[in-house]
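Written below as structure tokens is the structure these notes are about.
The values are calculated or read from the model by the stated rules, or taken from the named source; none is laboratory data. Note that the structure is a prediction, hence the values are computed from the model and not measured. Note that we place each Cβ from the backbone using ideal geometry, even for glycine, and neighbour counts take in every protein chain shown. Protein only, heavy atoms only, side chains kept; ligands, DNA and RNA dropped before computing areas. Shrake-Rupley method; radii C 1.70, N 1.55, O 1.52, S 1.80 Å.
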Amino acid sequence: RREPDKLKIVESVDEGLKCKKRGNVGLNIGAQNCEFFFHDAIDAMVDFFARMGMRIAQIAYNHRSFAADGGMTGCDAGLTNDGKRLIKAMEESGITVDLSHVGRQSCLDASKVCTKPLVYTHCSPYAMFRTQRGASDEQIRLCAETGGVIGLTAWPSVLWDGKTFPSMDRFIDSICYVVDMVGVEHVGIGLDTNAQAGAYDRQHARGLEAMITDPNGAFMAGYRMGLGRHCIHAKGLINLANWPAITDAMLKRGFHHHEIKKIVGENYMRVFSQTWRQHK
């Protein structure tokens, strides 16, 4: 609100397109958990947050929520009855369902419950990178069947195969893997990285310290390579300023211009046009 000529909360696809035309930065309000929705009247709570501008939310974040298991819960229970109610309410209120960080069985259940396209805003193919955040081939196919989008991430620990340090090349490899499986119409980008290098607050930095001390992790591998503070970023993808390099890398891999436009934004906009709704 202080700088409306620079930043704009985007609540519809049309508003997003207008931002791009004007050169503004459009922001979507999203959430990486769903606990604040928990209430006897879940539909009313979801509608409340949708009216405040929320347009996307995960149904769990790593650990178990009232709706679903997270990817790091330690077990693999499915979607709860309240989780089914939550998804129905989100679809009715115009909030896109995001399955990033959600446990595998809960993802499979949610893919069958959703009647509108869903997304994984930031994940990687489990077949390539066997991490708890990875989406299996079955998850990827079910997401595509809903008309949804798999957003590929550059977060190092999710782009780590235990041998090759995460880089732009490996990131493009992950895009190619999903494109080959379900088609270019179901692939997007969700870098899960900083707006600028070093933007993490101190609390998050403490968590990164624990990651760096994992002797078999990507961060320690980068440290041993002499990357210094850049060991917490994939090579060539340090922050959002590197976005144009992604387009260049895809061109070099043989992607056509119309395919790249879909991957870098048009696919998400299609999903949002089918899942969002304007609130008066």
Heavy-atom accessible area per residue - segment 50-166, 1.4 Å, Å²: 34
Positive dipole terminus of the chain, leading residue within HIS186, THR96, CYS19 (C-beta point charges): CYS19
Gap in Å between the Cα centre of segment 166-187 and the Cα centre of segment 52-66? 25
Using the Cβ atoms and a cut-off under 15 Å, what net charge is assigned to the surroundings of ARG224, where Lys and Arg are +1 and Asp and Glu are -1? +2
Run the dipole for segment 1-138 about the Cα centre, Lys and Arg Cβ at +1, Asp and Glu Cβ at -1, nothing else charged, and hand back the magnitude in debye, nearest 20. 600
Given the chain, what whole percent of its Cα pairs are spread farther than 23 Å? 54
Report, in debye and to the nearest 20, how large the dipole of the chain comes out about its Cα centre when Lys and Arg carry +1 and Asp and Glu carry -1 on their Cβ. 760
Can you work out the FRET efficiency for the pair ALA44 and LYS261, with r the C-beta to C-beta distance and R0 = 51 Å, to the nearest 0.05? 0.85
Taking every other residue with Cβ under 14 Å from the Cβ of TRP160 and scoring Lys and Arg +1, Asp and Glu -1, one gets +1
Interchain or sequence-distant (5+) residues whose placed amide H lies within less than 5 Å of the amide H of ILE9 are LEU27
Hey, which of these cross-link pairs are over 30 Å Cα-Cα: LYS18/LYS116; LYS8/LYS84; LYS18/LYS262; LYS8/LYS163; LYS6/LYS112; LYS21/LYS112? LYS8/LYS84; LYS8/LYS163; LYS6/LYS112; LYS21/LYS112
In segment 77-165, what trypsin sites (Lys or Arg not before Pro) fall in a loop by DSSP, with at most 11 other Cβ atoms inside 10 Å? LYS163
Among the aspartates and glutamates, which have Cα under 20 Å from the Cα of LYS280 when same-chain residues fewer than 8 positions away are ignored? GLU11, ASP14, GLU15, ASP43, ASP47, GLU91, GLU92
Whenever you get a sec, compute what percent of the accessible area on segment 1-96 sits on carbon and sulfur atoms (1.4 Å probe). 53
For LYS235, go through the aspartates and glutamates and keep the ones whose alpha-carbon is under 12 Å away, minus same-chain ones fewer than eight residues off. ASP169
Please return the longest stretch of the chain lacking exposed loop sites, where chymotrypsin sites (Phe, Trp or Tyr not before Pro) count only if DSSP places them in a loop and at most 15 other Cβ atoms lie within 10 Å. 39-199
Please identify every one of the trypsin sites (Lys or Arg not before Pro) in segment 1-37 that sits in a loop by DSSP and has no more than 11 other beta carbons within 10 Å of its own beta carbon. ARG1, ARG2, LYS6
Express as a percent, rounded to the nearest 5, the fraction of DSSP beta bridges in the chain (both residues included) that run antiparallel. 15
ASP214 paired with GLU92, simple spin-label distance in nm, labels 7 Å along Cα-to-beta-carbon: 4.0
